[in-house]
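J.: So that we are looking at the same thing, I have put the structure below in structure tokens.
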Amino acid sequence: NAGVTQTPKFQVLKTGQSMTLQCAQDMNHNSMYWYRQDPGMGLRLIYYSASEGTTDKGEVPNGYNVSRLNKREFSLRLESAAPSQTSVYFCASSQTRGGGWNEQFFGPGTRLTVL
Amino acid sequence: GIQVEQSPPDLILQEGANSTLRCNFSDSVNNLQWFHQNPWGQLINLFYIPSGTKQNGRLSATTVATERYSLLYISSSQTTDSGVYFCAVERGAQKLVFGQGTRLTINP
């Protein structure tokens with residue numbers, strides 16, 4: 001199992017450009033998440049998808065859109081990148097079960113710089 | 001929202017020393033995870049521990065949910081233990097809230 005994979009690993013954009021970060025998991029998990037990590041800080045939730053066909057906002061959703069393409073894939077789109085979106089982006093997945101079990105597993109991250 | 005505080009923010013030790021990292025949270029939680037972020041940025045799951053005690057080799061963790069804290073113990077530290085340790089909690093709706101982390105440096 002590859003677990004959670006993300007592409008690309010690194011990306012440099014100019015202000016105003018758009019791009020899509022890709023995430024895929026092969027663990028048959030039903031829930032997927034996008035986080036961002038700024039220097040010296042913990043991760044903050046951008047968006048999540050509890051199941052295929054549903055998405056919900058997290059703590060810092062402004063400037064982002066997401067698509068849960070199927071059970072395996074969850075993409076994050078920046079329509080008009082801004083320097084404030086320079087960060088490391090992590091995708092995660094979990095198999096949410098009754099009783100609150102929700103251990104999340106993380107991908108390797110995408111380091112994005114917006115000039 | 002729920003607040004997560006980790007202490008100490010930084011810890012520098014010699015190889016072979018033991019350490020205790022603390023995570024306090026401001027409200028009851030459904031889930032709690034400990035992660036190690038290595039120097040390459042990768043997040044490694046250490047423990048899923050909403051309550052009780054677990055051990056994995058030189059690492060162990062204890063969560064006292066009624067008192068709203070969790071402890072991560074590292075014994076006989078090695079240089080490969082260096083990195084940032086994060087505690088993250090979930091209070092419902094599957095949203096993990098992370099602490100600011102403890103940066104651990106193990107010197108040879």
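The values are calculated or read from the model by the stated rules, or taken from the named source; none is laboratory data. Worth saying up front: this structure is predicted, and the values here are computed from it rather than measured. Glycine gets a Cβ as well: all are built from the backbone with ideal geometry, and neighbour counts include every protein chain shown. Each accessible area value is taken on the protein alone, full model and side chains, heavy atoms only, with ligands, DNA and RNA left out. Shrake-Rupley method; radii C 1.70, N 1.55, O 1.52, S 1.80 Å.
J.: Could you order B:Ile44, A:Ile46, B:Ile2, B:Ile12 by accessible surface area, starting with the largest, using a probe radius of 1.4 Å?
T.: B:Ile12, B:Ile44, B:Ile2, A:Ile46
J.: Residue separation times 0.36 nm, minus the C-alpha to C-alpha distance between B:Gln100 and B:Trp40: what's the value?
T.: 19.8 nm
J.: Other chains' Cβ within 10 Å of A:43-50 residues: what's the mean?
T.: Partner-chain Cβ atoms within 10 Å, mean over residues of A:43-50: 3.
J.: With every protein chain left in place, what is the accessible area of A:Met27 in Å² (1.4 Å probe, nearest 10)?
T.: Roughly 50 Å² of A:Met27 is accessible to a 1.4 Å probe.
J.: Ranked by accessible surface with a 1.4 Å probe, highest first, in what order do B:Leu59, A:Leu69 come?
T.: Ranked list, largest accessible area first: A:Leu69, B:Leu59.
J.: For the pair A:Thr7 and B:Gln78, how long in nm is the line joining their label points, each one 7 Å along Cα→Cβ?
T.: 3.4
J.: For the range B:1-48, which chymotrypsin sites (Phe, Trp or Tyr not before Pro) pass both filters: DSSP loop (anything but H, G, I, E, B) and at most 16 other C-beta atoms within 10 Å?
T.: B:Trp40
J.: Give the calculated FRET efficiency between A:Asp26 and A:Thr113 to the nearest 0.05, with a Förster radius of 30 Å applied to their Cβ-Cβ distance.
T.: Working from the Cβ atoms, E equals 0.55.
J.: While we're on this one: May I ask you to give the percent of accessible area on the protein assembly as shown that is carbon plus sulfur, with a probe radius of 1.4 Å?
T.: Summing carbon and sulfur atoms, their accessible area is 48 percent of the total for the protein assembly as shown.
J.: Among A:Pro39, A:Pro83, A:Pro61, which one shows the biggest mean-square fluctuation in a GNM of chain A, springs joining Cα atoms closer than 10 Å?
T.: A:Pro39
J.: Moving on. Compute the distance from the alpha-carbon center of the range B:4-28 to that of the range B:38-73, in whole Å.
T.: Each part's Cα centre sits 11 Å from the other's.
J.: With a 1.4 Å probe and all protein chains left in place, how much accessible area per residue does the range A:1-114 have, in Å²?
T.: 45
J.: Which lysines have a Cα less than 24 Å from the Cα of A:Lys71, not counting those fewer than 8 places away in the same chain?
T.: Once the sequence-local lysines are set aside, what remains near A:Lys71 is A:Lys9, A:Lys57, B:Lys95.
J.: How much length is gained on full extension from B:Asn107 to B:Glu5, taking 0.36 nm per residue of separation minus their Cα-Cα distance?
T.: Contour length minus the Cα-Cα distance gives 34.2 nm.
J.: To the nearest hundred square angstrom, how large is the accessible surface buried between B and A, total for both chains, probe 1.4 angstrom?
T.: 1700
J.: How about the range A:1-91: which trypsin sites (Lys or Arg not before Pro) there lie in a loop by DSSP and see at most 14 other Cβ atoms within 10 Å?
T.: Taking the range A:1-91 and a limit of 14 other Cβ atoms within 10 Å, the loop trypsin sites (Lys or Arg not before Pro) found are A:Lys9, A:Lys14.
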